[in-house]
Amino acid sequence: MDSISTKNATVFFNSEVYTALNNYLKTDKPSKIFILVDTNTHDYCLPAFLERIESGDIVIEVMEIPNGEDHKTIDICTGVWEALSEYNADRKSLLINLGGGVVTDLGGFVASTYMRGIAYINIPTTLLAMVDASVGGKTGVDLGALKNQIGIINEGVMVGVDTSYLDTLPQNEMVSGFAEMLKHGLIYDKTYWNTLTHLEKLDISDLDQLIYDSIIIKNEVVTSDPTEKGLRKILNFGHTLGHAIESYFLENADKTPLLHGEAIAIGMLLESYLSTKICGLNQEEFEIISSGILKTFSKVEINKNDQKVIIDLLQYDKKNSYGVVRFVLLEAIGKPKTDCVVHNDLILEAFDYYAH
């Protein structure tokens, strides 16, 4: 597969990842290499990665953080910043983020702020990180249970997508990443959506191409609008309610936390329903979307009390302006509309639809 040029970096695939990375190390000659992993990627991905990297005389230090969204915090960043300082990282140091979205988001933020910015490279190891978190330069951490409230947009020097790391993933993590691929189809390419919702016609050998196509879609959107002033907002489809649901299930001790993609799947269903009421999405396409999502994602119980708290959480969404919650909705599959205002009674109606 050909590499993909982003605004300031390049995405490489499979064997080309290590050719590009090793060439970078030879030409740029970082003073030190720091590899950020979590407890899972330390065990399952780091050994294979170290075998492929040609660091020469450059010292490599490995820094490990706990895995999971609940560790995507400023406190963890502080620990990584302190480790970088303790190991004498300077402005010519390189940080390689080897992991899923938590590692790439947090690691990119740490690199972008340490000494006002050092170079970093993302090597995503989950499907979600490959098609979403590692492309576009969004970095950051959560503020309590509020998703991605602290961060900066700053691309690394390259991204390396090696799909062999997907062999280490449990099924639920693969499914979580699939939600973002479905989103790319819904907001940008009906043909891609149709392919994803008829996987029975494909086999595992088609996965690399589907991942590649998903990254192409996201990169086209991001490259045209890197700072999210216009078109890039469409990538938030399903995320306004999805992030609020994810935050609520993460902070509520009585709930089982949802993976990001599981919450976004709920958000896409709810926001597709809202689209029928506000943007003219026709019933036939709505039913196609609903059945397509529910092929993969089971419904989750969200009772009336849950719904009230989730709606309250919408006030913290980053897309809000002047206190007004703004949604991305669909006029049709592949035709999104941004900055849609939705009243709470319609949101409750969407929850009622979802519950039945």
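The values are calculated or read from the model by the stated rules, or taken from the named source; none is laboratory data. Here the structure is a predicted model, which means the values were calculated and not measured. So basically every Cβ, Gly included, is an ideal-geometry build from the backbone, and we count neighbours across all protein chains shown. For accessibility, only protein heavy atoms count, side chains too; no ligands or nucleic acids. Shrake-Rupley method; radii C 1.70, N 1.55, O 1.52, S 1.80 Å.
Quick notes on this one:
- Working note: Debye formula, equal point scatterers on the alpha-carbon atoms of region 12-154, no solvent; log10 I(q)/I(0) at q = 0.18, 0.20, 0.21 Å⁻¹ is -1.02, -1.29, -1.43.
- Within region 268-356, the proportion of Cα pairs with more than 18 Å between them is 46 percent.
- Here's the picture: charge each Lys and Arg Cβ at +1 and each Asp and Glu Cβ at -1 in the chain, and of 145, 115, 261 the one pushed furthest to the positive end of that dipole is 115.
- Equivalent-ellipsoid semi-axes of region 110-229, from the Cα gyration tensor, Å, largest first: 27, 16, 14
- Accessible surface for the chain, divided over its residues, is 43 Å² per residue with a 1.4 Å probe.
- Against the chain, whose longest principal axis comes from its Cα atoms, helix 101-113 is set at around 60 degrees.
- Cα-based convex hull volume of region 209-309 per residue, rounded to whole Å³: 142
- Cα-based helix-to-principal-axis angle, 207-224 vs the chain, degrees rounded to 10: 90
- Reduced Cα scattering model of the chain, Debye log10 I(q)/I(0), q = 0.09, 0.11 Å⁻¹: -0.48, -0.71
- √(5λ) per eigenvalue of the Cα gyration tensor, region 70-137, largest first, Å: 20, 13, 9
- Ordering of 342-348, 122-128 by packing is 122-128, 342-348, highest average first (other Cβ atoms within 10 Å, averaged per residue).
- Between the Cα long axis of helix 15-28 and the first principal axis of the chain there is an angle of about 50°, rounded to the nearest 10.
- Normalised convex hull volume, region 1-88, alpha-carbon set, Å³ per residue: 138
- Only Lys, Arg (+1) and Asp, Glu (-1) charged, at Cβ; the chain dipole about Cα centre in debye: 1060
- Heavy-atom accessible area, probed at 1.4 angstrom with all protein chains present, ranks 55, 85, 93 as 85, 55, 93, highest first.
- DSSP beta bridge pairing in region 76-231, given as percent antiparallel to the nearest 5: 40
- Shown for the chain: the carbon plus sulfur share of the solvent-accessible area, taken with all protein chains present and a 1.4 angstrom probe, equals 49%.
- The largest accessible area among 254, 206 belongs to the first residue in 254, 206, and the rest follow in falling order (1.4 Å probe, all chains).
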